[in-house]
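Only one structure is covered here, and it is reproduced in the block below.
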Amino acid sequence: MRELVRPPRLAPGARVAVVAPSGPVPEERIQAGLDVLRGWDLDPVVAPHVQDRHGTFDYLAGTDADRAADLQAAWCDPSVDAVLCARGGYGAQRMVDLLDWEAMRAAGPKVLVGFSDITVLHEAFATRLGLATLHGPMAAAADFIKNARAQEHLRATLFAPETVRVIASDGTPLVPGRARGVTLGGCLALLAAELGTPHARSCARGGLLCLEDVGEETYRVDRYLTQLLRAGWLDGVAGVLLGSWEGCDPYERLRPLLADRLGGLGVPVVEGFGFGHCEGALTVPFGIPAELDADAGTLTLDRPALC
C-alpha cells in the first residue's frame, strides 16, 4: 500500500462541482446543500444531470452515460477545484468504466468527496489516478445539511487540513494495539462487490482499512467479510477501523460476527469510530499514511489530507 498524491486544499471563492454518480437527488436537498457551501464562501455549480431519474430504473440519477459525463466534465474543467458527490445509493459501478481516465489524469489532482456507493470511485481514483480522496459527508445528504459536527469536520479538512491531522473518535478497541499504514476502505458491500473488477486493488496489504455499511443483516455482513477473507484481500492488512452500521442488525448481534471475522487477522481493530452513515460522521482521508491507536480511538495522519 503506497501513499497517494494529495490534491490542493480549498480557499475562499473556490469553485466546487456537485455531481450525482449514483442515485437521484431531490431538488430541496440540493438547494439546502448549496446554501451550506455558499456559507463556506465557496462557488458551487450543479452538474446538468444531477436531478435526472432513469426512465426504467428509478434508483439511478439518469443514464449511466450522463452520470459519467457529468463527473468527467466537472473533473476536467480547469475552473473546478473540487468535486462533491450529492448522494450515494447505487449506480457508481455502472458508470465507472465509462470514464476517460487518461483525460482525468491530465486534468491534474483535485478534491473528491463522498461515501457509501462512492466507495467505487474512491477505489478507482486510487488505482487509476493514484489520488488521495475524502470519505466524507455528501452535499445533498441530511448529515451534511443539518449536522454541525459533520459540517465542521469536513470544512476543516477542506480549508485547514493541518488542524485535523489527529482524528479523534469515541471508538473503543475490539482488538487493542497500534498500527501504521495507508488509509483506504469505505462501504463493506461495495468493497466485496469490487473484487475482480478493473479498478479493484489486489489486496489491502499495508493498509489501515476503514469499514462501514448500512441496512445489512448480520449474515450479509458475514458474507462480505468472508468473501474478502477467502479472496486473500485482507492478507497483510495493518489495522481496521469500524465505522457506523446504521440500519443493520442490533450491534450486540453484529459485534460478535465482526470479532469472529476480523479478530483472527492479528491486527488492531477499533469499533465505533464515527464515520459513514451515522449522524455527525467524521471525514476520513484515503491514501494517507497514518497511525491507528485502537485503545485511544485515534487516527493520526502523517501529513495533512490536502496539500
Inset, instruction - Could you run the Karplus curve 6.51 cos²θ - 1.76 cosθ + 1.60 with θ = phi - 60° over the stretch 38-55 and give me ³J(HN,Hα) per residue in whole Hz, x for Gly and Pro? - result: 5, x, 8, 6, 9, 10, x, 10, 9, 5, x, 10, 4, 9, 6, 9, 4, x
Legend entry - Tilt relative to the chain, helix 64-76 - C-alpha long axis, 0 to 90 degrees, to 10: 80
Inset, instruction - Quick one: dipole size for the stretch 223-307, taken about the Cα centre, charges +1 on Lys/Arg Cβ and -1 on Asp/Glu Cβ, in debye to the nearest 20. - result: 320
Inset, instruction - Please give the FRET efficiency for Arg38 paired with Asp170, using the beta carbon to beta carbon distance and R0 = 30 Å, rounded to the nearest 0.05. - result: 0.45
Inset, instruction - Report, for the chain, the % of DSSP beta bridges that are antiparallel, rounded to 5. - result: 40
Inset, instruction - Could you provide, to the nearest whole Å², the per residue accessible area of the chain with probe 1.4 Å? - result: 38
Inset, instruction - Treating the angle as unsigned and between 0 and 90°, give the value, to the nearest 10°, between the Cα long axis of helix 218-230 and the longest Cα principal axis of the chain. - result: 80
Inset, instruction - Classify the stretch 101-146 as rounded, prolate or oblate, taking a ≥ b ≥ c as the square roots of the eigenvalues of its Cα gyration tensor: rounded when a/c is under 1.5, otherwise prolate if a/b is larger than b/c and oblate if not. - result: prolate
Legend entry - Radius of gyration and Dmax over the Cα atoms of the stretch 11-146, both given in Å: 13.5, 41
Inset, instruction - Would you mind checking the tilt of helix 251-262 against the longest principal axis of the Cα atoms of the chain, expressed as 0 to 90 degrees and rounded to 10? - result: 80
Inset, instruction - Taking amide H positions as placed in the peptide plane 1.01 Å from N, state which residues far from Thr133 in sequence (5 or more) or on other chains have amide H under 5 Å from it. - result: Phe286
Legend entry - Test item: Cα-centred dipole of the stretch 1-119, Lys/Arg +1 and Asp/Glu -1 on Cβ, debye: 360
Inset, instruction - Kindly rank 297-307, 37-47 from highest to lowest mean number of other beta carbons found within 10 Å of each residue. - result: 297-307, 37-47
Legend entry - Distance in nm between pseudo-label sites at Glu252 and Thr300 (7 Å out along the Cβ direction from Cα): 3.6
Inset, instruction - Let me know the Rg and Dmax you get for the stretch 194-307 when you use only its Cα atoms, in Å. - result: 14.1, 41
Legend entry - Using θ = phi - 60° and Karplus 6.51 cos²θ - 1.76 cosθ + 1.60, couplings along the stretch 145-160 (whole Hz; Gly, Pro as x): 6, 10, 9, 5, 5, 4, 4, 5, 5, 5, 4, 4, 5, 6, 9, 9
Inset, instruction - Note the direction-averaged projected area, equal to a quarter of the hull surface, for the Cα convex hull of the stretch 232-296, in nm². - result: 5.3
Legend entry - Directionally averaged shadow of the stretch 146-198, computed from the convex hull of its alpha-carbon atoms, nm²: 6.5
Legend entry - Alpha-carbon Rg with Dmax, taken over the chain, Å: 17.9, 51
Legend entry - Viscosity 1.567 mPa s, temperature 4 °C, Stokes-Einstein D of the stretch 1-77 from Kirkwood C-alpha radius, µm²/s: 94
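The values are calculated or read from the model by the stated rules, or taken from the named source; none is laboratory data. Treat the numbers as computed from the prediction; the structure is a model and nothing was measured. Neighbour counts are summed over all protein chains in view; Cβ atoms, including those assigned to glycine, are modelled from backbone coordinates with ideal geometry. Ligands, DNA and RNA are excluded from the accessible area calculation, which covers all protein heavy atoms including side chains. Shrake-Rupley method; radii C 1.70, N 1.55, O 1.52, S 1.80 Å.
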